[in-house]
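The values are calculated or read from the model by the stated rules, or taken from the named source; none is laboratory data. The structure displayed is predicted, hence computed values, not measured ones. Positions of Cβ are backbone-derived with ideal geometry, glycine not excepted, and every protein chain shown enters the neighbour counts. Each accessible area value is taken on the protein alone, full model and side chains, heavy atoms only, with ligands, DNA and RNA left out. Shrake-Rupley method; radii C 1.70, N 1.55, O 1.52, S 1.80 Å.
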Amino acid sequence: MNDLDPNAYVEDRSPGTGRLRPRAAFTTDLPTIALDGDWRFRLAAGLDDLTEDFATPHFDDTGWDLLAVPSCWQMTGLPGEPRYGAPAYTNIRYPFPVDPPRVPRRNPTGEYRRAFDVPAGFPSASAVLRFEGVDSAFAVWLNGIRLGDGKGSRLTTEFDVAAQLRPGRNVLAVRVHQWSSGSYLEDQDMWWLSGIFRSVSVVIRGVEDFFVRAAYDHTTGRGTLAVDVTAPDRVSLSVPELGIVAADPAGPYVVEGVEPWSDENPRLYAGELVSEAGERVPLRIGFRTVAVVDGVLTVNGRPISLRGVNRHEWHPLTGRTLTEDTMLADVLLMKQHNINAVRTSHYPPDRRFLDLCDEHGLWVFCEGDLETHGFEPGGWRRNPSDDPDWREAYLDRAARLVERDKNHPSVIVWSLGNESGTGANLAAAADWIRRRDDTRLIHYEGDWASCAYVDLYSRMYIGVDELAAVGRGQEAPTADPADDAHRRALPAVLCEYGHAMGNGPGGLTDYQLVIEAHPRLAGGFIWEWIDHGILRSTDEDDARSFYAYGGDFGEEVHDGNFVADGLLFPDRTPSPGLVEFKKVIEPVRISIDPAHRRISVRNLHHVRDTGYLDFRWTMEDGGESVGSGALSVPATAPGATTEVEWPADVRAALDSARKNRSGHEVWLTVSAVLAADETWAGAGHEIAWGQAQVAPATAPQPFTPLPAVARDGYLALGAARFDARSGALLQFGDLEVAGPLLDIWRAPIDNDVRGSGGPLADRWRAAGLHRMRHEILGVEPDGSGLTVTARLAPAGASFGLGVVYRWTGCDEPDTGLARLRLETAVTPDGPWTVPLPRLGIAMSLPGTDAEVEWFGPGPGEAYRDSRAAARVGRYRSTVSAMQTPYVRPQENGNRHRVRRARITTADRTLLITGDPVIDLTVRPWSTAALTAADHQHDLVRDGRIHLHLDHAHHGLGSAACGPGPLAPDVLAAVPAVFSVEFSTGR
Ligand code: IPT
């Protein structure tokens, strides 16, 4: 510390002073004093506004506020107005000028005070004060004595308090600065939040540290256990289940026939360290060996495939302070959605999260608290990663990462950090880690161009073609031939892909197919797990609430809703993207071959055979169940495929459905569910399914069309009434309708709004696709229907879409049904330079809500490049429930390839039949309103039910960060004809 400036530590690059050396996080039976709870708090505006004597024990803080520890101070007061400062979001940019290591003098600083009692007999002579997370720099005083200071927000810091702690009342004072030199190393893409956001405690240091190394030899089935203990006295080891009772934990102890740990079988052996003084430290030992074999990532001798997500710590009301229930919810949701891996982007998580990963089984890439992305816009000039002055800070962060979490079997890879360029400090950190822990691999994506100091070739957001080239080992060479040889021998991972912002990601199936085709590809991690939306209420007593994103707190620089790009909505409801991902990464693949009446089951598990699953079948005729039962499938080994013949009951069900001749499609669905409870889901939870159409629908009855006749200024076609001049349908039976008219606009999704090389939505708008004009060219009734010709084009454009609407209709006296058929023929003309957002017809009915029943894929939304999870069946929902609440409103809710739908408003019913299929979207507001909305609460019902019946949509892709849709999913402006039939009872 600089004597002249007591606050010099804020800006100097030192990782801290007065701290104890880092060590493993573990529990013991020695007493602890938990210091979570209410603390006295004052927020100083900057370093010129500090409270001078605030650290002295007798300082009178009774007038100060109370603030919960742990918490992020900017989240206080939510969902109302934040009481202390406000959250601020930037992705890459620092929210202050880049002038390392200097930060603004106007540096919001939280002054925290807490008095606590030390009980008589507390062994203060070995007491340690522990902070598990303080953002971003802090200094600590106990009973008026300065203990030291620290940085490294998401890392543990401990101070020896043996000399200061006394029986009875003690006073702890902590000053926390929002900005510090450490902020330059913590430029992760997330909200800037500050404070003591993880737990604080006083613990007793008996056993100081230990390192459990538990290896598994798959060739012999032997486990080897060695525990390296640092302790003041002698410590013994016992693992009763393995018959280990040892005076010397170092061993190594060889155990025959041990059960290895894996994501699928997270076998933990309970053990214990017992010190001479009587301290007991519980251990949870998982035997596993991570190795690269012939360029393939293996654990315990078998390749693993990462079906992972990037997880930030997030809660919409508490920010990065999470309860254990929330951590558990994340782990369970991951497991329930077939996810088997997590990258702790971009910092070590609360230590308890890793305990849960050990327990329930997730492969973990544990990442250091490091990102210097904000130097990229300046060409990486002055990047700390390559500046010797920052070397100590880098090594400190690496050591604190590894030391804290080294005893977790779930952690198989250390990741140095994220988006920090390259440089000697990263290489030095990798070097240190490699020397300290040779049981895991080292990851850092930023070094992909050389891979000089990493063990995995990691990439982010590359397209499937480049991924396939990497899979084949055909990536472009590195500059240095030695690096090239090294890199070609490495397994490859996608540390980020499938950017889950808003509606999307599309194309996950395409990635998965490539990943599974190449042993070198060890899989990857979707960006990202959860939307970091902040819950706000619109006003004090208004029940309406919404999720805030960048800019909603008046930030000077911000990156908008780029912070909402997860598979979970902020309240942890799974988004359609997560449902899709679950299907795409199923560890068991079921396929049904109707021609040969066979079912095949392919097991993609790492070690588990399919014996833990029950297989069930259902047959549905037009969505009505006509049979179901258990299916016996012999336990299939990992990597193997089993084929079974349809059993007699399945065959009989189909034969009787055929005899019945309902005229509807008959579908067979086979599903694999948990046979018994797992720790992460109950018996019956579905893991995988397959579906096939086993009998087609019969073609609809053609009808003899009625003539269109002029009547009272209208044109009548059976039960339908059209405007004689515009040819617009006004009435169908009792139902008042508006439209339908050709429509090509969609409320741009985030993947349309952002994208390298110019966002698609900008090109759409420049072309005028959001302001297409519908010009009627002719309305011609004839003896068998009505033809309306029109052209759709924006002002100023010399391109357009010619459209011919051909209406035919009939009344069926037998059924009392009025039928109305619309064939829409679209012919583009002129120079089209952009794909179409959608191609279909839009219409509306009176109403604020309606019941919707449909037969076709469901139950959730689906788009052409995100439809794996939708299965054919009969579904019932409502217009309200069919809206997907993306944090920033955008195109959503499409039901893909619907065969027929029934829309029932308060008193009317409209039936819609595809020819043979039509995409269906229903909304209580218009596309224009959806386009204009910034938040969900901007959307207001307008008294109409808006229907979109689409021939096709442009794909979703992942262009918000990554590639757009693949060529087959691009909706080009080409001639198209599509039909739909309406009917209504009378
Ligand atoms: C990538 C970042 O690593 C991640 O933190 C997040 O910001 C993501 O992008 C986008 O949401 S970096 C990007 C330049 C590819």
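Points worth noting:
- Only one of ARG222, ARG154, ARG213 that is among the basic types (Lys, Arg), in contact with a Ser or Thr (Cβ under 7 Å, 6 or more places away or on another chain) and at pLDDT 95 or above: ARG213
- Note on region 189-296: enclosed strands (runs of 3 or more DSSP E) holding 2 or more residues that are among the charged types (D, E, K, R) are 209-217, 222-230, 280-285.
- Count of residues meeting criterion [part of a strand (DSSP E or B) and surrounded by fewer than 20 Cβ atoms within 10 Å (Cβ to Cβ)] in region 846-870: 3
- Considering residues of region 1-24 that are open to solvent by 30 Å² or more (accessible area, probe 1.4 Å) and hydrophobic (A, V, I, L, M, F, W, C) only, the residue farthest from ASP350 (Cα to Cα): LEU4
- Considering (1) more than 16 Å from the ligand (Cβ to nearest atom); (2) over 21 Å from CYS961 (Cβ atoms), the lone condition that TYR457 does not fulfil carries the number (2).
- Region 310-361 - residue that is assigned to a strand (DSSP E or B) and not small (Gly, Ala, Ser) and, of those, farthest from the chain's Cα centre (by Cα): HIS315
- Filter result for THR827 (of a type in the set (Ser, Thr, Tyr), in contact (Cβ under 8 Å) with a residue 40 or more places away in the chain, under 11 Å from ALA973 (Cα atoms) and surrounded by fewer than 16 Cβ atoms within 10 Å (Cβ to Cβ)): yes
- Single condition GLY816 does not satisfy, out of (1) in contact with a Ser or Thr (Cβ under 6 Å, 6 or more places away or on another chain); (2) on the phi > 0 side of the Ramachandran plot: (1)
- So SER600, is it surrounded by fewer than 16 Cβ atoms within 10 Å (Cβ to Cβ) and not assigned by TED's automatic domain parsing to the domain that holds GLN890: no
- For region 561-574, filtering for residues that are under 11 Å from the mean Cα position of the chain (by Cα) and either within 15 Å of the ligand (Cβ to nearest atom) or aliphatic (A, V, I, L, M) (or both) leaves 5.
- Selection count, region 487-505, where residues are of a type outside the set (Val, Ile, Thr) and within 16 Å of the ligand (Cβ to nearest atom): 12
- Residue within region 384-391 that is of a type in the set (Ser, Thr, Tyr) and at negative phi present: yes
- SER183 being open to solvent by 10 Å² or more (accessible area, probe 1.4 Å) and among the polar types (S, T, N, Q): no
Quick grid of which residues meet (1) in contact with a strand residue (DSSP E or B) (Cβ under 7 Å, 6 or more places away or on another chain); (2) crowded, with 19+ Cβ neighbours inside 10 Å:
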| position | (1), (2) |
| --- | --- |
| ASP294 | no, no |
| ILE304 | yes, yes |
| GLY319 | yes, yes |
| GLU324 | no, no |
| LEU328 | no, no |
| MET334 | yes, yes |
| ARG343 | yes, yes |
| PRO349 | no, yes |
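- Residue count for region 371-408 under the criterion of being within 16 Å of the ligand (Cβ to nearest atom) and either in contact (Cβ under 8 Å) with a residue 40 or more places away in the chain or part of a helix (DSSP H, G or I) (or both): the result is 11.
- Count - residues of region 436-486 that are in contact with a helix residue (DSSP H, G or I) (Cβ under 8 Å, 6 or more places away or on another chain), of a type in the set (S, T, N, Q) and modelled with pLDDT of 95 or more: 2
- Within region 957-986, if we keep just the residues that are within 16 Å of the ligand (Cβ to nearest atom) and outside any helix (DSSP H, G or I), the residue that is surrounded by the most Cβ atoms within 10 Å (Cβ to Cβ) turns out to be SER958.
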